[in-house]
Amino acid sequence: MKPLDVTMSRVSGALTVVFGMLLGFPLLPTALRWPARVAVLCALAWLAFALVRGLRRVKWSAKGVVFSGVLLALMFAATHLLCFVFMKVMGARDDRLALRGELTLTPGGREQAERLVAGGVGEGGFHPRIGWVPHAGQTMPGTTVSKQGIRATREYPAVPLERDKRVLCMGDSFTFGVGVTDGQTYPHHAEELKPGWEWLNFGIPGACLTQACLHYMENARKFDGKYVVIGFMTNDAQRTVNCYRPFVNRTSGMAMTKPFAFIDDAGNFDIKPNPYTSIDDYRRLLADPTAELRALLRQDYLTWGRGGRQVVLENPVVRTFLYAGNQLRIPVKLEALLNNSVPVRPLFKMLAAGDLYGDEFWAEDSKGFRALCGMFDFFHSTVIKDGRIPLIAIIPGPHDIDDFKRGDPRQYETLLRFLKQRGYRHLDFLDTLLAKHRDDLSEQALFVVRHYQGQVNRELAQEIVKALQLP
C-alpha cells in the first residue's frame with residue numbers, strides 16, 4: 001500500500017472515531033464514557049499532527065497556490081449549490097429550513113396575485129383587514145363553505161336556541177380541515193359526539209393567531225355561543241408576527257399579506273394592520289415586485305425583531321449545517337462528550353441568531369415570542385369580555401412528531417409554561433397523539449397532505465369536549 005493510501009486510511013479511521021463517538025456517546029454505558037473521551041482526544045491529536053506534518057511537506061509555489069484556491073472555490077460553490085437545493089426541497093416540509101425574506105415573487109405568488117387582480121377567488125377570499133378568509137359560498141369536492149363563511153353544509157342562526165350548547169371554533173387549516181371532507185373535520189366530529197350541540201367552524205386555511213382573533217372580532221362574534229376554541233397549530237407562532245407568508249417560507253401557497261402581532265422595545269403590544277388593503281396593492285406588487293417586497297420586509301419581523309435592522313441568515317451552507325447539527329442533536333452530544341464543562345448550545349444559538357423565525361423564536365426573551373404571548377393575552381381577554389369561555393387547543397404538526405421521535409423536547413415548551421402561568425385553560429394534543437399512536441407515529445398513519453386524517457380529528461374533538469368539561 002502506498003504511503004498516501006496509508007495516511008488517508010488513518011485519517012478516515014480517526015474521523016470515524018471522532019464522529020462515531022460523538023453521535024453514539026449518549027448510548028454508551030457510564031463506565032465506557034471516559035475511555036471514549038480519551039479515544040476522541042487521541043484521534044483529534046493525531047489529526048492535528050497529520051495536518052501539520054502534511055503542510056510542512058507541501059512544496060508551495062505560485063501556481064500551486066492559485067490551483068488550490070480555484071479548487072477550494074469550486075468545492076465551496078458545489079457545496080453552496082447542494083445546500084441551496086437541500087433548503088429548497090426540505091423547506092417545504094420544515095419551516096425551520098425555509099428560505100427567508102427573499103425579494104422575488106415565486107411563480108405561485110405571482111399566479112395568486114394575478115388571480116386576485118383578475119377578480120378570482122384564489123386560495124381564499126381577499127379581506128382588507130384579515131388578509132383572507134374562506135370564500136363564502138365556495139363549494140369544491142368534499143369542501144363546503146356556507147354563505148356565512150363557515151365550513152358547513154348548512155347555515156346557523158346568529159342566536160341559537162340554547163346558547164350554552166354552541167361552540168365557536170377559531171383557528172387555521174387544521175381547524176378548517178384541509179385534506180379531509182366536510183364530515184371529517186374536528187368541529188363536525190364534535191357535533192356527532194355531542195348531539196344537539198352546534199360547533200361552528202371558522203377556520204381559515206393558512207392563517208395565524210392574529211388573523212383568527214380578528215376573524216372572531218369581525219365575523220364569528222356575531223354568532224352567540226358560550227364557548228370559543230382557539231386552535232393553535234405550532235407553526236402559527238412565526239406567522240403570528242409575520243406580514244407576508246413567503247418571508248417565513250418561500251414555498252408557502254398563501255402569498256398574501258396579513259395583519260400581525262407586534263411588540264416594541266418598551267414591551268408595548270399592538271396589532272399592526274394588513275399592509276395591503278385593496279386589490280390595487282397587488283397590482284403594484286405585480287408591476288414592481290422588488291420594490292414592494294422590500295417595503296413589506298421593512299414591516300416584517302425579520303426587521304422589527306432586530307430593532308429595525310434587517311437580519312436574514314440566508315447562507316445555505318451555514319443554514320444547512322446548523323439545521324443538520326440540531327437535527328442530530330450535536331450541541332447536546334458535544335456537551336456530554338465534554339463532560340458538560342463547556343456550554344456548546346449557546347454557541348450554536350449565537351451562530352443561528354440571524355434566523356429570527358428559527359429555534360430562537362421560542363426563547364422567552366425574544367420579541368417574537370413576547371408578541372405571540374401578547375396576542376394570546378389579547379385574544380383570551382377579548383373572549384372573556386364577551387362573556388364566553390375560551391379554550392386554547394395546542395395542535396402539533398408533523399415536525400413536532402419528528403422532534404419527539406428524535407428525543408428532542410417540545411419546541412413550544414416555553415408557550416406551555418406561559419399558558420400555565422397565566423392560568424389559561426388549554427390542552428396539548430401531542431399528549432393524546434403519543435398515548436394513542438405511540439406504536440405508529442408515521443406521517444402516513446396520522447396525516448393527509450400534512451394535516452390530520454379524519455380519525456385523528458375525531459380524537460382531537462374528543463379531547464376538546466373533555467377539556468371544555470361540557471355537560
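A short reminder: the numbers here are calculations on the coordinates, not readings from a lab. All values derive from a computational prediction rather than experimental measurement. All Cβ positions, glycine included, derive from the backbone under ideal geometry; neighbour counts span all protein chains shown.
What does a probe at Arg163 reach in the stretch 387-428, counting residues whose amide N is under 20 Å from the point 7 Å along Cα→Cβ?
387-391
Please compute the net charge surrounding Asn274, taking Lys and Arg as +1 and Asp and Glu as -1 over other residues with Cβ under 15 Å from its Cβ. Can you show the working numbers first?
Details: positive: Arg129, Arg239, Arg245, Lys258, Lys272, Arg284; negative: Glu218, Asp270, Asp280, Asp281, Glu292, Asp300.
Spelling it out: positives minus negatives among the neighbours equals 0.
Quickly rank 189-200, 232-243, 371-382, 163-174 as a protection proxy: mean count of other C-beta atoms within 10 Å, highest first. Don't skip to the end; give the middle numbers.
Numbers: 189-200: 18.2, 232-243: 25.8, 371-382: 20.6, 163-174: 22.7.
In decreasing order of mean packing, 189-200, 232-243, 371-382, 163-174 become 232-243, 163-174, 371-382, 189-200.
Given the pairs Lys258/Lys436; Lys226/Lys436; Lys165/Lys385; Lys258/Lys385, which span a C-alpha to C-alpha distance of over 27 angstrom in this model?
On the way: Lys258/Lys436 36 Å; Lys226/Lys436 30 Å; Lys165/Lys385 19 Å; Lys258/Lys385 25 Å.
Pairs exceeding the cut-off: Lys258/Lys436; Lys226/Lys436.
For the residues Ser12, Ser341, Ser366, what sequence is obtained by ranking on other C-beta atoms within 10 Å, fewest first? Spell out each step's value before the answer.
Values: Ser12 10, Ser341 6, Ser366 17.
Listed from fewest to most nearby Cβ atoms, that is Ser341, Ser12, Ser366.
With charges set only on the Cβ (+1 for Lys and Arg, -1 for Asp and Glu), what does the dipole of the chain come to about its Cα centre, in debye to the nearest 20? The partial results should precede the final answer.
Values: 58 positive and 47 negative charges, 316 e Å.
About 1520 debye.
Among 458-465, 34-41, how do they line up by average Cβ neighbours within 10 Å per residue, starting with the highest?
Working: 458-465: 20.0, 34-41: 14.0.
Most protected by this proxy first, the peptides run 458-465, 34-41.
Which angle between 0 and 90 degrees, to the nearest 10, do you get for helix 62-91 versus the longest principal axis of the chain when only C-alpha atoms count?
It works out to around 20 degrees.
Using the count of nearby Cβ atoms within 10 Å as a rough guide to exposure, how do Ile271, Ile395 rank from fewest to most? Numbers along the way, then the final one.
Working: Ile271 15, Ile395 24.
Least to most surrounded, the residues fall as Ile271, Ile395.
Starting from the Cα of Lys466, draw a straight line to each of the aspartates and glutamates and keep only those under 15 Å, dropping any in the same chain fewer than 8 residues away.
Glu191, Glu192, Asp428, Asp431
Of the listed values [x] 37, 31, 20; [y] 47, 28, 20; [z] 67, 47, 15, identify the label whose number matches semi-axes √(5λ) of the Cα gyration tensor in Å calculated from this model.
It is the value labelled [y].
Relative to the first principal axis of the alpha-carbon coordinates of the chain, what is the inclination of helix 209-218, with its axis defined by its Cα atoms, in degrees from 0 to 90 and to the nearest 10?
Taking Cα atoms only, the helix is inclined about 10 degrees.
Indicate, rounded to the nearest 5 percent, the antiparallel portion of the DSSP beta bridges found entirely in the chain. Walk me through the numbers on the way to the answer.
Values: 13 of 31 bridges.
Just about 40 percent of them are antiparallel.
Show which aspartates and glutamates lie in cross-link reach of Lys367 when reach means a straight Cα distance below 18 angstrom and same-chain residues fewer than eight apart are skipped.
Asp236, Asp264, Asp265, Asp270, Asp300, Asp355, Asp359, Asp377, Glu413
By counting other Cβ atoms within 10 Å of each Cβ, how are Tyr357, Tyr282 ranked from fewest to most?
On the way: Tyr357 26, Tyr282 21.
Ranking Tyr357, Tyr282 by Cβ neighbours within 10 Å, fewest first, gives Tyr282, Tyr357.
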